[in-house]
Amino acid sequence: MMKLALAILSVALLPVLSVAQTMQLSSGSLQVLNGTTLTIEGPIDWVISPGTTVVNDGVIDLGTQAQLNEPVGGPVVGTGVERATHVGPGPLVGIEPGGLGAMLSTEDALNDLVVERGHAPYAHSGSVEGVARWYRIESTTMNGALDLTFHYDPTELNGSNAATLGLFRSADGIGPWTGTLSVPGPGPNELTTSIAYPWPVVTAFDTDLITMVGEPERTEGFLLWPTLATDILNVRTTGTKPIATAEVLDAIGRTIWTPQMSASSFVYALDITHLTSGQYFLRINGERVLPFLKP
C-alpha cells in the first residue's frame, strides 16, 4: 500500500512479480514537494532504474519494511530526507535500515532505531561544503556506542577528493563539526567509524580543504600540515594546550608508532620517512585525531 501526496512528473511505476513485492520506477522523474510525505507501507523493494530521477524535497518514509534500491550514479537528490525504522532486539550486526546506505552494528540491546538521510550539504567553517549526504540516527532505548559504515554515491562528492574524505560529527548539524576517527569501509565509496551516544549528525568533509582554511584551530585545537606528506609532518597547537604526546595510527586504528618527545611543545615536526605509503591518523594528547596520507 502506498499513500501518495506528491508532485509527479512523467512517472512509470511497474510492478514486478517476485517473492517480495517490487515497485519499479523505470523511466521519467518523480518529485516529492516540500511539506509533503511519501509513505511506503509493507515489504516493498522500491527499485529506481538507471536514467530516472527522484527529487525529494519533502520526506520519504520507508517505514519498517520497505527498501530503497538506487542505481550507482543516480541516488535520490533534493533538500528533503529519507527515513527508515528498524524494530527489533539488539545486538545488531551490519543492518542497513531502508537500504539507505548506513550500515549499523552495536552490541547493545534496543527496541527501535530511526535512520534519516539527507542530501543538502553541510558547511564546515562557513566555507567548506561536505558531501551531499548525511545521516542522523536516533533511538529511544539505547545509549551505547554504534559502529557506522557511511556509504556515499560518487555523484555526491560535491567537489571533495574521495582520497582525503573523513567523517565529522555535530550534535545538531549546525556545528561545530568535530572529526571522528574514520577508515575506509569494506566496499567502495564507504567510510567506517564508531560513535558514542548521543549519536550526532554525521557527514563527510574533505580534510585537506578544512586544513587549508584553518578550521582545526576552532574545532580540533591543533593544526596539521601538510596532510599529504612524504617526509615531515608538522603539528601546531592553536590554543593554550601544548602537545605532550603523539601517536601514529594505521588505517584500521591500531597504534603503530609512538614518537618520543623530550618535552611538551606548541609546535612539533614529525619525521615520517620510515612509514610506508598509506592512510594514517595522528592522535595528539590521547584525544585529538587528525588524518594524513603518505603517497
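The rows are residues; the columns are (1) closer than 16 Å to residue 200 by Cα; (2) in the same structural domain as residue 181 (by TED's automatic domain parsing); (3) out of contact with any His (no Cβ under 6 Å at 6 or more places or on another chain); (4) not acidic (Asp, Glu).
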site: 97; (1), (2), (3), (4): no, yes, no, yes
site: 108; (1), (2), (3), (4): no, yes, yes, no
site: 136; (1), (2), (3), (4): yes, yes, yes, yes
site: 147; (1), (2), (3), (4): yes, yes, yes, no
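Here's a check for you: in the stretch 250-272, which residue that is assigned to a loop (DSSP other than H, G, I, E, B) and polar (S, T, N, Q) is nearest to residue 238 (Cα to Cα)? Before you say what the answer is, go through the steps one by one.
So the first thing to find is which residues in the stretch 250-272 are assigned to a loop (DSSP other than H, G, I, E, B), and the list is 250-254, 258-264, 266, 272.
Filter once more, keeping what is polar (S, T, N, Q): 258, 260, 262, 264.
Values: 258: 22, 260: 22, 262: 20, 264: 14 Å.
So the residue we want is 264.
Quick one: how many residues across the stretch 234-249 are closer than 21 Å to residue 178 by Cβ and not in a loop (DSSP other than H, G, I, E, B)?
In the first step, residues of the stretch 234-249 are kept if they are closer than 21 Å to residue 178 by Cβ; the result is 235-249.
Still in the running and not in a loop (DSSP other than H, G, I, E, B): 235-237, 243, 246-249.
Final tally of qualifying residues: 8.
Condition check: in contact (Cβ under 8 Å) with a residue 40 or more places away in the chain, surrounded by 16 or more Cβ atoms within 10 Å (Cβ to Cβ) and assigned to a loop (DSSP other than H, G, I, E, B). Does residue 131 satisfy that? Give the steps one after another, and end with the answer.
Working: in contact (Cβ under 8 Å) with a residue 40 or more places away in the chain: yes; surrounded by 16 or more Cβ atoms within 10 Å (Cβ to Cβ): yes; assigned to a loop (DSSP other than H, G, I, E, B): yes.
So residue 131 fits the description; yes.
For the stretch 267-283, what are the residues that are over 19 Å from residue 184 (Cα atoms) and β-branched (Val, Ile, Thr)?
267, 272, 273
Return the residues of the stretch 59-91 that are assigned to a loop (DSSP other than H, G, I, E, B) and β-branched (Val, Ile, Thr); say none if nothing qualifies. Can you show your working first?
Initial filter on the stretch 59-91 (assigned to a loop (DSSP other than H, G, I, E, B)): 62-66, 70-76, 78-80, 88-91.
Scanning the stretch 59-91 gives 64, 72, 76, 79.
Run residue 275 past the list (1) modelled with pLDDT of 80 or more; (2) assigned to a strand (DSSP E or B); (3) under 15 Å from residue 291 (Cα atoms); (4) not β-branched (Val, Ile, Thr) and report the number of the one that doesn't hold.
Checking residue 275 against (1) modelled with pLDDT of 80 or more; (2) assigned to a strand (DSSP E or B); (3) under 15 Å from residue 291 (Cα atoms); (4) not β-branched (Val, Ile, Thr), the one that fails is (2).
The values are calculated or read from the model by the stated rules, or taken from the named source; none is laboratory data. Just so we're clear, the structure is a prediction, and the values are computed from it rather than from any experiment. Cβ coordinates were reconstructed from backbone atoms using ideal geometry, including for glycine residues, and neighbour counts include every protein chain displayed.
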